[in-house]
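Right, one structure below, let's go through it.
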Protein chains: 2
Amino acid sequence: MKARVHVMLKNGVLDPQGEAVRHALGNLGFDGVESVRQGKVIEIELAESERERAEEQLRAMCEKLLANTVIERYEIEIAG
Amino acid sequence: MKARVHVMLKNGVLDPQGEAVRHALGNLGFDGVESVRQGKVIEIELAESERERAEEQLRAMCEKLLANTVIERYEIEIAG
């Protein structure tokens, strides 16, 4: 089963990487860029074929390793 | 207009970051993780309200700044 996990900084947490991208886009002449936030995306292929159990595993992975839940939020998307 | 851009290493390009995550998950006792690929996700808010023009801008941003198209592929998702 394929899944995609997004890990983004929570709203309100300063995102210097996103800010750097916003400035760079401005310098390249892209006007009208109002905000940029940058995060991670992790594509995972699991042996588990039952959707609910896969989601449970992914949630545990996020809590234990993939996200720092003090400052980051995560979203789990299971394909198919 | 809100959009999300995914930038992933192309298939076949070695992804040491993803491999490190896969190992770490194994060490934490998560079995059945077949593959892990890690990439970037960039959430952009544009002043542009016309969908087609927004997509064109985003494509140009990817080609010029956000992705290294030699080794990375990108996907553009426009919200709403």
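Is it the case that the stretch A:24-34 has a residue that's within 11 Å of chain B (Cβ to nearest Cβ) and in contact (Cβ under 8 Å) with a residue 12 or more places away in the chain? There is no residue in the stretch A:24-34 that is within 11 Å of chain B (Cβ to nearest Cβ) and in contact (Cβ under 8 Å) with a residue 12 or more places away in the chain.
So, A:Val41, is that one facing another protein chain (nearest Cβ under 10 Å), surrounded by 15 or more Cβ atoms within 10 Å (Cβ to Cβ), part of a strand (DSSP E or B) and free of Cβ contacts under 8 Å to residues at least 40 places away in the same chain or not? For A:Val41, the condition - facing another protein chain (nearest Cβ under 10 Å), surrounded by 15 or more Cβ atoms within 10 Å (Cβ to Cβ), part of a strand (DSSP E or B) and free of Cβ contacts under 8 Å to residues at least 40 places away in the same chain - is met.
Only one of the numbered conditions (1) surrounded by 15 or more Cβ atoms within 10 Å (Cβ to Cβ); (2) touching a strand residue (DSSP E or B) at 6+ places or on another chain (Cβ under 6 Å) is not met by B:Lys10, and that is (1). Count of the stretch A:16-34 residues, restricted to those that are open to solvent by 40 Å² or more (accessible area, probe 1.4 Å) and either of a type in the set (A, V, I, L, M, F, W, C) or within 17 Å of the chain's Cα centre (by Cα) (or both), is 5. Among the residues of the stretch A:56-80, how many are modelled with pLDDT of 95 or more and open to solvent by 60 Å² or more (accessible area, probe 1.4 Å)? Of the residues in that region, 11 qualify. Please work out which one of (1) in contact with a Leu (Cβ under 6 Å, 6 or more places away or on another chain); (2) part of a helix (DSSP H, G or I) is the condition B:Gly18 fails and give its number. For B:Gly18, the failing item is (1). Sort out which residues of the stretch B:56-80 are more than 10 Å from chain A (Cβ to nearest Cβ), of a type outside the set (D, E, K, R) and farther than 16 Å from B:Met1 by Cα, and write them in order of number. Listed by number, the residues that qualify are B:Cys62, B:Ala67, B:Asn68, B:Thr69, B:Val70, B:Ile71, B:Tyr74. Taken over the stretch A:44-55, residues that are more than 7 Å from chain B (Cβ to nearest Cβ) and loosely packed, with under 12 Cβ neighbours inside 10 Å amount to 3.
The values are calculated or read from the model by the stated rules, or taken from the named source; none is laboratory data. Quick caveat, the model's predicted, so the values are computed rather than measured. Neighbour counts run over all protein chains shown; Cβ positions are idealised from the backbone, glycine included. The accessibility values were calculated without ligands, DNA or RNA, using every heavy atom of the protein model including side chains. Shrake-Rupley method; radii C 1.70, N 1.55, O 1.52, S 1.80 Å.
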